Amino acid sequence: MTASAPSPGEGPACRAQVDPLAHLRAPDDPPWDVYLTGTVFLDIIFTGLDSAPVRGTESWARGMGSSPGGVANMATALARLGLRTSLAAAFGDDHYGDYCWDTLQQGEGIDLTPSRTVPCWHSPVTVSMAYEGERTMVSHGHEPPPEEPAPDCPPRARAAIASLTPGTSAPWIAQAAATGCRVFADVGWDDTGAWDLAGLTDLAHCEAFLPNAAEAMRYTGADGPRAAAHALTEHVPVAVVTLGAEGAYAVDRRTGETADVPAIAVEALDPTGAGDVFVAGFVTGSLAGWPLADRLAFAGLTAALSVQEFGGSLSAPGWSEIAAWWRKVQSVDAQDPAALRRYAFLADLLPEEVARPWPLRRAVPTIGFRNPV
């Protein structure tokens, strides 16, 4: 594994320490590793709350941060893992939109060529309050722009990540798959209550589907998440079902592989964006050609690291965090040898030296500072 060369549009501040696809890169490659589209929110995160706000009272938080959220959580997680990431999104023409654009493009090295600024449309905002390992969110936004934020012809990329909507087809997904792009999909809760797989028409163009246990069981009618994963492979080659505190289970119909990886026990400060980080980790391992179990373990590890920090895109780990964690757990007395072997594949991936200890303390960016620390 070698250090990455500068990616298209990448600045020195956001260059990843590791290029997980270095051994695969060729001159005729697509310019981007991953393409995605969706809505960018401005996230304002209050931390250090001892309990949930009480009606009729004022609560003071000991900390506050701000960062791009929504689809930006996934885009940031991908970029920090060294994937050349292109994002199509609409940005408001307000200060919030400018902040999110600059943070993603200049701070994270994400390509925003397919994105656009929409006149007279202000950025959607989410306020998140983190306490007791959970979070409560309040969001506000106007109707989205009438134009579809995804371009008619998506840019050439190795992979794309799509969020499927029951009963709705997104033409760009079929277009991307027709060019050989590998499509990874997740899905939100079906508010209609139909839970009809036939309504997820774009699933036919996907390589992998990554629902949580409740979603997988409702879509398949299976009585357990592992049975649901096997049932889903009748519709998509790879099914990954997340099991919360129990970890994740995956099936690859093409190879016959199955993988059941337990979760890493951590103290969760804020679960915002953990699902996005999990998907980013799985996509990274898939594009790099790792075995299914390694992909699942890596996805779970990156998600576990993320919940120990506050915020969505703020908490996405990079290779420094992963390397620092790996060196830390190897030094713990009485560490379970079987658990260490599960993550032994990291040894050949990580940079030789890590200057920072783990766990890390991050500076939290906030709108208004001219010179962030």
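The 1.4 Å probe gives accessible areas that order MET129, MET74, MET137, MET217, largest first, as MET137, MET217, MET129, MET74. Computed on the stretch 8-137, with alpha-carbon pairs under 8 angstrom and 6+ residues apart, the relative contact order is 34 percent. Take the Cα of ASP102, go 7 Å toward its beta carbon, and the backbone nitrogen atoms of the stretch 109-127 under 15 Å from that spot belong to 109. Residue by residue, the stretch 40-46 carries 3J(HN,Hα) couplings of 9, 9, 8, 9, 10, 10, 9 Hz when phi is fed to the Karplus relation 6.51 cos²θ - 1.76 cosθ + 1.60 (θ = phi - 60°); x denotes Gly or Pro. Under the simplified labelling scheme, the SER331-THR255 pair shows an inter-label distance of 3.4 nm, with each label point 7 Å from Cα along Cα→Cβ. Over all other residues within a Cβ to Cβ distance under 9 Å of LEU49, the charged ones net out to -1, with Lys and Arg as +1 and Asp and Glu as -1. The phi torsions of the stretch 157-169, fed into the Karplus equation with coefficients 6.51, -1.76 and 1.60 and a -60° offset, translate into couplings of 8, 5, 9, 9, 10, 10, 9, 7, 10, x, x, 10, 10 Hz, rounded to whole numbers, with Gly and Pro shown as x.
For the chain, what does the helix formula give at 222 nm: sum of -39500 (n - 2.57) over DSSP H segments with n ≥ 4, over the residue count, nearest 500 deg cm²/dmol? Please list the in-between numbers first.
On the way: 9 runs with 90 residues, N = 373.
Taking each H run of at least 4 residues, the total per residue is -7000 deg cm²/dmol.
Over all distinct Cα-Cα pairs of the chain, the Kirkwood formula returns a hydrodynamic radius of 21.2 Å. A simple spin-label model places the labels of ALA347 and CYS120 6.3 nm from each other, with each point 7 Å out along Cα-to-Cβ. Each peptide in 200-213, 54-67, 78-91 receives the mean, over its residues, of other Cβ atoms within 10 Å, and ordering these scores from highest gives 78-91, 200-213, 54-67. Amide H contacts of LEU42 (H built 1.01 Å from N, in plane; Pro and chain starts excluded): GLY69, VAL125, THR126 sit under 5 Å, all sequence-distant by 5 or more or on other chains. Accessible surface computed residue by residue for the stretch 50-148, with neighbouring protein chains in place and a 1.4 Å probe, gives 51 Å² per residue. Structural descriptor for the chain: relative contact order 16 percent, calculated from alpha carbon pairs under 8 angstrom and at least 6 residues apart. For the stretch 22-119, the fraction of alpha-carbon pairs lying more than 20 Å apart is 48 percent, rounded to a whole number. Taken per residue, the accessible surface of the stretch 255-331 reaches 28 Å², heavy atoms only and a 1.4 Å probe. Structural descriptor for the stretch 181-261: relative contact order 23 percent, calculated from alpha carbon pairs under 8 angstrom and at least 6 residues apart.
Note on the chain: with neighbouring protein chains present and a 1.4 Å probe, carbon and sulfur make up 54 percent of its accessible heavy-atom surface. Each part reduced to its alpha carbon centroid, the stretch 164-207 and the stretch 232-309 end up 19 Å apart.
Determine how many Å³ per residue the convex hull of the Cα atoms of the stretch 153-225 encloses.
Working: hull volume 5.9 nm³, N = 73.
Roughly 81 Å³ of hull volume per residue.
Once both labels are positioned 7 Å from their Cα atoms along Cα-to-Cβ, the gap between SER169 and ARG25 label points is 3.7 nm. Size descriptors for the stretch 168-294: radius of gyration and Dmax over Cα atoms are 14.4, 43 Å.
The values are calculated or read from the model by the stated rules, or taken from the named source; none is laboratory data. Remember, it's a predicted structure, so these values are computed and weren't measured experimentally. Quick reminder, even Gly has a Cβ in these numbers, built from the backbone with ideal geometry, and neighbours come from all protein chains shown. Quick note on the areas: whole protein, heavy atoms, side chains included, nothing else; ligands and nucleic acids left out. Shrake-Rupley method; radii C 1.70, N 1.55, O 1.52, S 1.80 Å.
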